[in-house]
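Peer 1: Below: one structure in structure tokens.
The numbers here are math on the coordinates, done by the rules we state, and not lab data. If you're wondering where the values come from, they're calculated on a predicted model, not measured in any experiment. Glycine gets a Cβ as well: all are built from the backbone with ideal geometry, and neighbour counts include every protein chain shown.
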Amino acid sequence: MSDRTATSERPGGTSAHASRRTRRTVTAAVGLGAAAALTATTLAWSGSDVTDNSELTSTETSQATLVWSDEFDGAAGDAPDPANWNHETGDHGWGNEELQNYTAGRDNSALDGEGNLVITARQEADGGYTSARMTTQNNIEHAYGRVEARIKLPTGQGVWPAFWMLGTDFPDTPWPDSGEIDVMELIGSEPGTVHGTVHGPGYSGGGGVGASYDHPDGGAFPDDFHVYAVDWAPDSITWSVDGVAYNTITPADVGGDWVFNQEFFMILNVAVGGQWPGYPDETTQFPQEMVVDYVRVYDME
Ligand SMILES: [Ca+2]
């Protein structure tokens, strides 16, 4: 996604370059750098085309142990559980010349009473935008395993949803040295493509390392729920969508220190505008909702 501090801005627009350089599809997987060519495969632990992990079988769970989740159960209009989630607020552009004012109010983040968290990006009467950005910093911090979320994404020019992570030593260690793992980003003008990227020392901004994944049916990800995940181990990160792995990176791929062998916290947000996605135009519909069924963390055997 992006950094959030004025002193360590990540150049915007650059993640797209890194991703496009390594774009791949399920049927034409291409290795990234020294990483071996990755053929499309369901992840080993799932054993099948698992698209809804609420249906995990006993065989599957024998290899993955759920260590934390937020299923977003609760009454409509309730706040997301403050034991898990912090709100980061403000309208300073977040290092990417973004337009939104992030608020802690229920107009921008609330449970829907049907088991989902809804982050809503709105255009306000004054023409400005509001949205929400939530982190698990100091609440849920973890290293390794599978980190996944089942999300129905928003869409439209200038809309930029993300599910991502930052190293827990941020901000004491400045970005990008603290490390950033973008599990999933989508820019609303390209709804058929999601992006998975890492940023670290010497490979941030334009040098972010990752890949893109195109909707297997040529459709748009925001049309339905999908499971976005990383399988993360010492010296290895593999991205997947709906259990289909589409990229793996190791220290040989990043061209700088590997800063991912440490605990990270998670972030969910919907940005409006920014150097990478561009800005809303007359085609963009508001409000836009990012609907999150769950966020889960598994330890992997
Ligand atoms: Ca749920």
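Peer 1: Tell me whether region 116-157 comes out rounded, prolate or oblate; compute the Cα gyration tensor, take square roots of the eigenvalues as a ≥ b ≥ c, and use a/c under 1.5 as the rounded threshold.
Peer 2: Prolate.
Peer 1: When a footprinting reagent is the concern and you count Cβ atoms within 10 Å, what order do ARG133, ARG106, ARG296 take, fewest first?
Peer 2: ARG106, ARG296, ARG133
Peer 1: Quick one: length gained pulling THR283 to ALA83 fully straight, 0.36 nm per residue minus the C-alpha distance?
Peer 2: That pair, THR283 and ALA83, stretches by 68.2 nm at full extension.
Peer 1: Roughly how many Å is it from the Cα centre of region 123-177 to that of region 182-210, as a whole number?
Peer 2: Between the Cα centre of region 123-177 and that of region 182-210, the gap is 13 Å.
Peer 1: If you don't mind, another one. Given axes a ≥ b ≥ c from the Cα gyration tensor, I'd like to know whether region 119-258 is rounded (a/c under 1.5), prolate (a/b larger than b/c) or oblate.
Peer 2: oblate
Peer 1: Next question. Give a residue-ordered list of calculated ³J(HN,Hα) values for region 218-224 (Karplus: 6.51 cos²θ - 1.76 cosθ + 1.60, θ = phi - 60°; whole Hz; x for Gly, Pro).
Peer 2: Taking θ as phi minus 60°, the curve returns x, x, 10, 4, x, 6, 7 Hz for region 218-224.
Peer 1: Sticking with the crude label model, points 7 Å out along Cα→Cβ, report the distance from GLU124 to ARG106 in nm, one decimal please.
Peer 2: 1.9 nm
Peer 1: Still on this structure: Shape verdict for region 246-301, please, from the Cα gyration tensor: rounded (a/c under 1.5), prolate (a/b greater than b/c) or oblate.
Peer 2: oblate
Peer 1: Quick query: amide H of GLN100 versus all other amide H atoms, modeled in the peptide plane; which residues come in under 5 Å with a sequence gap of 5 or more or a different chain?
Peer 2: Distant-sequence amide H within range of GLN100: VAL272.
Peer 1: Under a 5 Å amide H to amide H cut-off, with H placed in plane at 1.01 Å, what residues pair with THR155 once short-range neighbours are removed?
Peer 2: So THR155 has HN proximity to GLU289.
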